[in-house]
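Reading through the structure tokens given below for one structure.
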Amino acid sequence: MKSNFFSEFIKERKTVGAVLPSSKFLAAKMLKGIDFKKNQNIIELGPGTGIFTKEIIKKMSPKSNLISIELNKSFYKQLSHKFKGNAQFTPVLGSADNISNIIKEQNINSVDVIISSLPLAVIPLRIKAGIFREVKKVLKEDGSFIQFQYSLNAKEILNKRFSSVNITFTPVNIPPAFVYHCLK
Ligand SMILES: C[S@@+](CC[C@H](N)C(=O)[O-])C[C@H]1O[C@@H](n2cnc3c(N)ncnc32)[C@H](O)[C@@H]1O
């Protein structure tokens, strides 16, 4: 799993954005505060090899559903295989700047939570702007957007787009990471 992640990083440096999958500690920080007892439409952006996906699937209520959107074909195939047969989970090979069309195809109109691992630091501004337009378009009024990054560089762009941004930090990840919990 780790060697596959590293080889994808070498091939797709600009989009994979990390040398290793995230830690379980980071996964716990990302998911802290989500009310998993509620039935929810959940979207994951950039699931990679599925570190967060696995935890979301474990925690979500029986009537919730998860759509994980991944740009990298090799990761998408791995995810599809790993969680095969889970009726609450839909892996999609696609890009985060196309969320509204992707959820429409799954007969979903709006989303409660978006959990993003997108490497914002390496995504060009124009594409990033398109992604955030989509995120705001599909999120419910009381919906939340959760993002991790290896620096505080995303603070400005997220503060501009969300009504509130709460930042926490975990040193137990390679590299250490900041988690941004944003409200629409
Ligand atoms: C830093 S890795 C995180 C992987 C995994 N979630 C983890 O934490 O270990 C970023 C992931 O985002 C994916 N990605 C990059 N740009 C994307 C886009 N526009 N749409 C969907 N996924 C994208 C990459 O292929 C990669 O799997």
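The values are calculated or read from the model by the stated rules, or taken from the named source; none is laboratory data. These numbers come from a predicted model, not from an experiment. Cβ placement follows ideal geometry from the backbone for every residue including glycine, while neighbour counts extend to all protein chains displayed.
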Enumeration of residues in the stretch 1-60 that are within 11 Å of the ligand (Cβ to nearest atom), in contact with a strand residue (DSSP E or B) (Cβ under 9 Å, 6 or more places away or on another chain), more than 14 Å from residue 148 (Cβ to Cβ) and not β-branched (Val, Ile, Thr): 50
Residue ID - modelled with the highest pLDDT, chosen from residues in the stretch 107-126 that are out of contact with any helix residue (DSSP H, G or I) (no Cβ under 8 Å at 6 or more places or on another chain) and exposed (fewer than 13 other Cβ atoms within 10 Å of the Cβ): 107
Residues of the stretch 1-36 being among the acidic types (Asp, Glu) and under 18 Å from residue 179 (Cα atoms), in sequence order, are 35
Where residues in the stretch 59-89 are among the hydrophobic types (A, V, I, L, M, F, W, C) and not in a helix (DSSP H, G or I), which of them is farthest from residue 39 (Cα to Cα)? 71
Extreme residue, nearest to the ligand (Cβ to nearest atom), among residues of the stretch 94-151 that are in contact with a Phe, Trp or Tyr (Cβ under 6 Å, 6 or more places away or on another chain) and farther than 20 Å from residue 39 by Cα: 149
Of 114, 99, 157, which residue is of a type in the set (A, V, I, L, M, F, W, C) and not in a helix (DSSP H, G or I)? 114
Residues of the stretch 81-111 satisfying the condition of being within 13 Å of the chain's Cα centre (by Cα), within 22 Å of residue 162 (Cα to Cα) and not hydrophobic (A, V, I, L, M, F, W, C): 95, 97
Residue check, residue 84 more than 23 Å from residue 180 (Cβ to Cβ) and away from the ligand (no atom under 16 Å from the Cβ): yes
So residue 173, is it surrounded by fewer than 16 Cβ atoms within 10 Å (Cβ to Cβ) and not hydrophobic (A, V, I, L, M, F, W, C): no
In the stretch 10-33, anything crowded, with 16+ Cβ neighbours inside 10 Å and either modelled with pLDDT under 80 or in a helix (DSSP H, G or I) (or both) is listed as 15, 16, 17, 26, 27, 29, 30, 31
